[in-house]
Amino acid sequence: QQQVKQSPQSLIVQKGGISIINCAYENTAFDYFPWYQQFPGKGPALLIAIRPDVSEKKEGRFTISFNKSAKQFSLHIMDSQPGDSATYFCAASMNRDDKIIFGKGTRLHILP
Amino acid sequence: GAVVSQHPSRVICKSGTSVKIECRSLDFQATTMFWYRQFPKQSLMLMATSNEGSKATYEQGVEKDKFLINHASLTLSTLTVTSAHPEDSSFYICSAVDWVRGEKLFFGSGTQLSVL
């Protein structure tokens, strides 16, 4: 059973546009939802994270929207740039010390 | 910011040999580290949770005798792939939580293992 479902699998966006990646989860015990960015041959890097008591969190051009009732959360990248081209993973865990469960990833390509 | 160092970044070995991968937290103490495996264009799959001073907890389907994990200190965890075979070729990534700086899970830069 896939605990964190991520879509789309790949995404192409024009420079300056908004990139939107969606995730859905099954387990209501999850209470920490991070997003990671990964470039080829590198480990993932934490972009932004949210907890269920907040509906939205913004850091620079990156925004997480969280819908607890729908068990969904999404990443919005505003003013997308070619340097944002990477693979993005949503994830979830039950507490800070627990293992992180990753979505399958979205390969984002920003057209120059 | 907090850094997790992973070494080596790339290793090529012959089938049947053992390979050790090191994961170090450079400026924080990590009581728990995680080891992941990633195939090309796929997601990260958790292999095991490494706990300082105790035995690692392996995920279902991961052979503990093949993937030996040692977490002997608060800053170092090692993964040894024993008797490696071509099917073990993959990208291995470690991660650690920095409690002092909050809920930040930091990842190493990964190790690309190629078994000939």
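The values are calculated or read from the model by the stated rules, or taken from the named source; none is laboratory data. Since the model is a prediction, treat every value here as computed from it, not as a measurement. Quick reminder, even Gly has a Cβ in these numbers, built from the backbone with ideal geometry, and neighbours come from all protein chains shown. For accessibility, only protein heavy atoms count, side chains too; no ligands or nucleic acids. Shrake-Rupley method; radii C 1.70, N 1.55, O 1.52, S 1.80 Å.
Selection of first residues in the range A:52-75 that are closer than 16 Å to residue A:4 by Cα and of second residues that are among the basic types (Lys, Arg), restricted to Cβ pairs under 7 Å at least 6 apart or on distinct chains, gives the following pairs, ordered by first then second residue: A:52/A:68; A:64/A:57.
Does residue B:18 fit the bill of being modelled with pLDDT of 95 or more, more than 13 Å from the chain's Cα centre (by Cα) and open to solvent by 50 Å² or more (accessible area, probe 1.4 Å)?
Working: modelled with pLDDT of 95 or more: yes; more than 13 Å from the chain's Cα centre (by Cα): yes; open to solvent by 50 Å² or more (accessible area, probe 1.4 Å): yes.
For residue B:18, the condition - modelled with pLDDT of 95 or more, more than 13 Å from the chain's Cα centre (by Cα) and open to solvent by 50 Å² or more (accessible area, probe 1.4 Å) - is met.
Which of the residues that make up the range A:1-17 are aliphatic (A, V, I, L, M) and more than 15 Å from residue A:85 (Cβ to Cβ)? Answer for the range A:1-17, where residues must be aliphatic (A, V, I, L, M) and more than 15 Å from residue A:85 (Cβ to Cβ): just A:4. Answer yes or no as to whether residue B:31 is over 30 Å from residue A:7 (Cβ atoms), of a type outside the set (A, V, I, L, M, F, W, C) and facing chain A (nearest Cβ under 10 Å). Judged against the criteria, residue B:31 is a match.
Looking only at residues in the range B:59-101 that are open to solvent by less than 50 Å² (accessible area, probe 1.4 Å) and among the aromatic types (Phe, Trp, Tyr), the one that is farthest from residue B:113 (Cα to Cα) is B:67.
Which residue, of B:109, B:77, B:95, is more than 17 Å from residue B:29 (Cβ to Cβ) and either within 14 Å of chain A (Cβ to nearest Cβ) or under 12 Å from the mean Cα position of the chain (by Cα) (or both)? None of the others qualify; the one that does is B:109. Checked across the range A:25-37, the condition of being out of contact with any helix residue (DSSP H, G or I) (no Cβ under 8 Å at 6 or more places or on another chain), buried (at least 16 other Cβ atoms within 10 Å of the Cβ), away from chain B (no Cβ under 13 Å) and part of a strand (DSSP E or B) holds for at least one residue.
If the requirement is being in contact with a Ser or Thr (Cβ under 6 Å, 6 or more places away or on another chain) and either under 19 Å from residue B:44 (Cα atoms) or within 11 Å of another protein chain (Cβ to nearest Cβ) (or both), which of these qualifies: A:42, A:5? Among A:42, A:5, only A:42 is in contact with a Ser or Thr (Cβ under 6 Å, 6 or more places away or on another chain) and either under 19 Å from residue B:44 (Cα atoms) or within 11 Å of another protein chain (Cβ to nearest Cβ) (or both). Candidates in the range A:91-112 are the residues that are aliphatic (A, V, I, L, M) and out of contact with any Ser or Thr (no Cβ under 6 Å at 6 or more places or on another chain); of these, the one that is most open to solvent (accessible area, probe 1.4 Å) is A:94. Scanning the range B:102-116 for residues that are surrounded by 15 or more Cβ atoms within 10 Å (Cβ to Cβ) and assigned to a strand (DSSP E or B) turns up B:104, B:105, B:106, B:107, B:111, B:112, B:113, B:115.
Residue-wise test of (1) open to solvent by 30 Å² or more (accessible area, probe 1.4 Å); (2) under 15 Å from the mean Cα position of the chain (by Cα).
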{"residue": "A:41", "(1), (2)": "yes, no"}
{"residue": "A:45", "(1), (2)": "yes, yes"}
{"residue": "A:54", "(1), (2)": "yes, no"}
{"residue": "A:62", "(1), (2)": "yes, yes"}
{"residue": "A:66", "(1), (2)": "no, yes"}
{"residue": "A:72", "(1), (2)": "yes, yes"}
{"residue": "A:80", "(1), (2)": "no, yes"}
{"residue": "A:86", "(1), (2)": "no, yes"}
{"residue": "A:89", "(1), (2)": "no, yes"}
